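Bear in mind that the values in this text are calculations on the coordinates, not laboratory data. Because the structure is a prediction, the values reported are computed rather than measured. Here the Cβ positions follow ideal geometry from the backbone for every residue, glycine too, while neighbour counts run over all protein chains shown.
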Amino acid sequence: MTKLVMGASGFLGSHVTRKLVGRGDDVRVWIRQSSSTVAFDDLDVERRYGDLGDREALREAMRDVEAVFYCIVDTRAWLRDPTPLFATNVEALGGVLDVAVEVGVRRFVFCSTVGTIGIAEHGLADEDLPHNWRHLGGPYIESRLQAEDLVLAYHRDRGLPAVVLNVGTTYGPRDHGPTPHGKLVRAAAQGTMPAYVRGTAMEVVGVEDAAEAFLLAETRGRVGERYIVSESHLPIKDLFDIAADEGGVRPPRIGIPLPVMRVIGAVGGAVSRLRGTDSVVTSTSVRLMHLQSALDHTKATRELGWRPEPTEAAIRAGVRWFLTEPRRTTT
């Protein structure tokens, strides 16, 4: 039967699409009329167009599909007005879940984030640790928490056969957007990244490994369960050093102390409010640079058979792609 990828124009969604096509599945993709298709133009897929609020279009797209891979998310954590975050990440998702239950989708694999995992006082955090920093995450994290809670509630109360994947920051080739984090890697590889923030790190994973986890979750994931899909906790300095090394340039040498970055974030947020414009650097965004714990993906390895490669290889592959195919990316 057919597999439906929702969000196929995005970085992760396009790689899920590629994995499915490579496996020999019949693949249908759900995109807006305005969506870029460059990430899968070379693939033989069935295209369905529509907006998330169009219930009839959703019914037609999900009709007779064996599995839905849901990779749609608004990641603009810097928005002053968080209304679009909740409109896409929560409200529109609810309509999609209604239709998935109505048509009897056999498996719904949902892309969540490591940002919904709790912070451990000691050691590694895993899926069983309740979220304990909701008051610190800002509207973006709140929208993702509500989204994940909604998916699990539809499983519990309406029988939706959903599996949740908590995905780290993805790196690798074919980042056509590019993603905000991809832009930073590209800048470091080109020698135009002047500085980094000391004492910061993030959960990372190769995008192809993350996409493979979606295919494994379809067949091996337990419904109603969450799985951490993140390979390692990588210091930001190491990330930029790897990118610069692959690009053959000097890495950023200036390390901004975290307390200084907190001041910059506070100033950025104040200026944003005064000018009525969005700012990427705010107190919340700086807090998210260093707040989260390192994570344990043992459950995904044990139950899904997921065995990711070191993310360094994916970062290097992404750099090579950026440097050899720049015309395929936008600024």
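Extension gain for the segment residue 32 to residue 64, taken as residue separation times 0.36 nm less the Cα-Cα distance, is 9.5 nm to one decimal. Based on Cα contacts under 8 Å between residues 6+ apart, the range 133-204 shows a relative contact order of 26 percent.
Against the set (i) -0.83, -0.94, -1.20, -1.29; (ii) -0.71, -0.85, -1.36, -1.54; (iii) -0.74, -0.84, -1.12, -1.21, the structure's computed log10 I(q)/I(0) by the Debye sum over Cα atoms at q = 0.11, 0.12, 0.15, 0.16 Å⁻¹ falls on (ii). For residue 156 and residue 250, a Förster radius of 51 Å and the Cβ-Cβ distance give a FRET efficiency of 0.45, rounded to the nearest 0.05. If you look at the Cα atoms of the range 18-115, you get an Rg and a Dmax of 14.2, 43 Å. Between residue 163 and 108, 109, 110, 224, the built amide H atoms are under 5 Å apart, and every one of these is 5 or more places off in sequence or on another chain. Of 265, 235, 311, which is farthest on the positive side of the dipole of the chain, counting Cα position, with +1 on Lys and Arg Cβ, -1 on Asp and Glu Cβ, and the Cα centre as origin? The listed residue farthest towards the positive side: 265. Charged side chains reduced to their Cβ positions (Lys and Arg at +1, Asp and Glu at -1) give the range 115-227 a dipole of some 360 debye around its Cα centre.
Could you give the size of the charge dipole of the chain about its Cα centre, using +1 on the Cβ of each K and R and -1 on the Cβ of each D and E, expressed in debye and rounded to the nearest 20?
Numbers: 40 positive and 43 negative charges, 174 e Å.
Value, rounded to 20: 840 debye.
Summing charges over all other residues whose Cβ lies under 14 Å from the Cβ of residue 266, with Lys and Arg as +1 and Asp and Glu as -1, gives +3.
Placing unit charges on each Cβ (+1 for Lys and Arg, -1 for Asp and Glu) gives the chain a dipole about its Cα centre, and among 323, 20, 214 the Cα reaching farthest toward its positive end belongs to 323. Computed extension gain for residue 56 through residue 233, at 0.36 nm per residue and net of the alpha carbon distance, reaches 59.5 nm. Other residues lying with their Cβ under 14 Å from the Cβ of residue 55 contribute a combined charge of -4, Lys and Arg counting +1, Asp and Glu -1. The length gained by stretching the chain between residue 131 and residue 290 to full extension, at 0.36 nm per residue less their Cα-Cα distance, is 55.6 nm.
For the pair residue 222 and residue 263, label points projected 7 Å from Cα toward Cβ lie 5.0 nm apart. Qualifying trypsin sites (Lys or Arg not before Pro) in the range 57-98, where qualification requires a DSSP coil assignment and no more than 16 other C-beta atoms within 10 Å, comprise 63, 76, 80. Residue-wise HN-Hα couplings along the range 148-162, as the Karplus relation 6.51 cos²θ - 1.76 cosθ + 1.60 with θ = phi - 60° gives them from phi, are 5, 4, 5, 4, 5, 5, 5, 5, 5, 9, 10, x, 5, x, 9 Hz; Gly and Pro carry x. In this simple spin-label approximation, residue 307 and residue 121 carry label points 7 Å from Cα along the Cα→Cβ vector, and these lie 3.7 nm apart. Residue 209 sits among other residues whose Cβ lies under 9 Å from its own Cβ, and their net charge, with Lys and Arg +1 and Asp and Glu -1, is -3.
Given points 7 Å out from each Cα along the Cα-Cβ axis, report the residue 48 to residue 79 separation in nanometres with one decimal. The answer from the label model is 2.5 nm. Basic side chains Lys and Arg get +1 at the Cβ, acidic Asp and Glu get -1 at the Cβ, and with that the dipole of the range 97-138 about its Cα centre reaches some 140 debye. In order along the range 275-288, the Karplus-derived 3J(HN,Hα) couplings, from 6.51 cos²θ - 1.76 cosθ + 1.60 at θ = phi - 60°, round to 8, x, 10, 7, 10, 5, 9, 9, 4, 5, 5, 5, 4, 6 Hz, and Gly and Pro are given as x. By the beta-carbon count within 10 Å of each Cβ, the least crowded to most crowded order of 112, 279, fewest first, is 279, 112.
Using alpha carbons only, how many degrees (0 to 90, rounded to 10) separate the axis of helix 93-103 from the longest principal axis of the chain? Helix 93-103 sits roughly 20 degrees off the main axis of the chain. When the trypsin sites (Lys or Arg not before Pro) in the range 207-306 are filtered for DSSP coil states and for at most 15 other beta-carbon atoms within 10 Å of their beta-carbon, the remaining sites are 222, 253.
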